[in-house]
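Visitor: Got a structure here, written out as structure tokens. Questions coming.
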Amino acid sequence: MPDVAIVPAASPRFEDAQHAFSGGGDGLGCQCQWWTLTRSEFDASTPEERTELLRHEVNSGTPPGLIAYVDGEPAAWVRVGPRTRQPRLSRTRNFAATTEPWDDPAVWAVTCFVVRKEHRGQGLNGRLLEAAVEFAREQGARVLEAYPIDAAHSSRSANDLYYGILSVFERAGFRETARPRPDRTIVTLDLTA
């Protein structure tokens, strides 16, 4: 059984986040900035500019996510943080059915998973989600929200599952609060209980 450790993506772990992103998928190009920028800002930015945005996030303030290490190697990433710091969420039509006010900083969101190819299929998303729940609770979040794919209604590639999969969230105690499309859900977890 491999040794797994999950820690906040804070200074000096920027290069570790880059290693986690480099194992397949869109992580290196996106730099987990998809939800932090508007569509026009994202389209106008270069991968290098997005890299610097993530570097700034990692090196200052609340860490923007968590990094999973497998036997000491950075293997996976999850973005978790205040929803107010991910403004594109409020502009996404599929998420308009949220039951939480968009301007509430106590509502946090889990929005992106990246797992290196060689570590897929080992349950890292579930472990990252458990750690994200605890991290959000420790940081004072009231509610944790996410927008996972229902794999029973989708035939997406592994790279398109960066939102997470509904069954993983259900196992972690999240409840479905809306279904804007057959394959897309909004789920929440009350962290005050």
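Just so you know, all these numbers are worked out from the coordinates, no wet-lab data involved. None of these values were measured; they are calculated from a predicted model. As a convention, Cβ positions derive from the backbone with ideal geometry for all residues, glycine included, and neighbour counts pool all protein chains shown.
Visitor: Which whole-Hz ³J(HN,Hα) couplings does region 88-100 yield from phi under the Karplus relation 6.51 cos²θ - 1.76 cosθ + 1.60, θ = phi - 60°, glycine and proline marked x?
Guide: Whole-Hz 3J(HN,Hα) from phi for region 88-100: 5, 4, 5, 9, 9, 3, 4, 9, 5, 7, 4, 9, 9.
Visitor: Indicate, rounded to the nearest 5 percent, the antiparallel portion of the DSSP beta bridges found entirely in the chain. Mind showing how you got there, number by number?
Guide: Details: 27 of 32 bridges.
Once the DSSP bridges in the chain are tallied, antiparallel ones form about 85 percent.
Visitor: Report the paramagnetic label zone for residue 176: residues of region 77-121 whose backbone N is under 16 Å from a point 7 Å from Cα along the Cα-to-Cβ axis.
Guide: Within reach of a label on residue 176, which here means backbone N under 16 Å from a point 7 Å along Cα→Cβ, region 77-121 contributes 95, 97-99.
Visitor: Here's a follow-up. Put a dot 7 Å past each Cα toward the Cβ at residue 60 and residue 130; how far apart are the dots in nm?
Guide: Going from the residue 130 label point to the residue 60 one covers 3.5 nm.
Visitor: Calculate, in nm to one decimal, what residue 103 and residue 138 gain on full extension: separation in residues at 0.36 nm each, minus their alpha carbon distance.
Guide: This chain segment gains 10.6 nm when fully extended.
Visitor: Okay, moving on. Using the membrane-span-like helix rule (whole DSSP H runs, Cα extent along the own axis of at least 15 Å, mean Kyte-Doolittle hydropathy at least -0.5), which helices of the chain qualify?
Guide: 124-138
Visitor: For residue 31, enumerate residues with amide H under 5 Å from its amide H, sequence gap 5+ or separate chain, H modeled in the peptide plane.
Guide: The list, which skips near neighbours in sequence, is empty: none.
Visitor: Quick one: 3J(HN,Hα) in Hz for region 174-182, Karplus 6.51/-1.76/1.60 with θ = phi - 60°, rounded, Gly and Pro as x.
Guide: With coefficients 6.51, -1.76 and 1.60, one gets 6, 10, 6, 10, 6, 9, x, 9, x Hz.
Visitor: Another question, if that's okay. Report, in whole Å, the centroid distance computed from the Cα atoms of region 126-157 and region 62-125.
Guide: So the separation of the two Cα centres works out to 7 Å.
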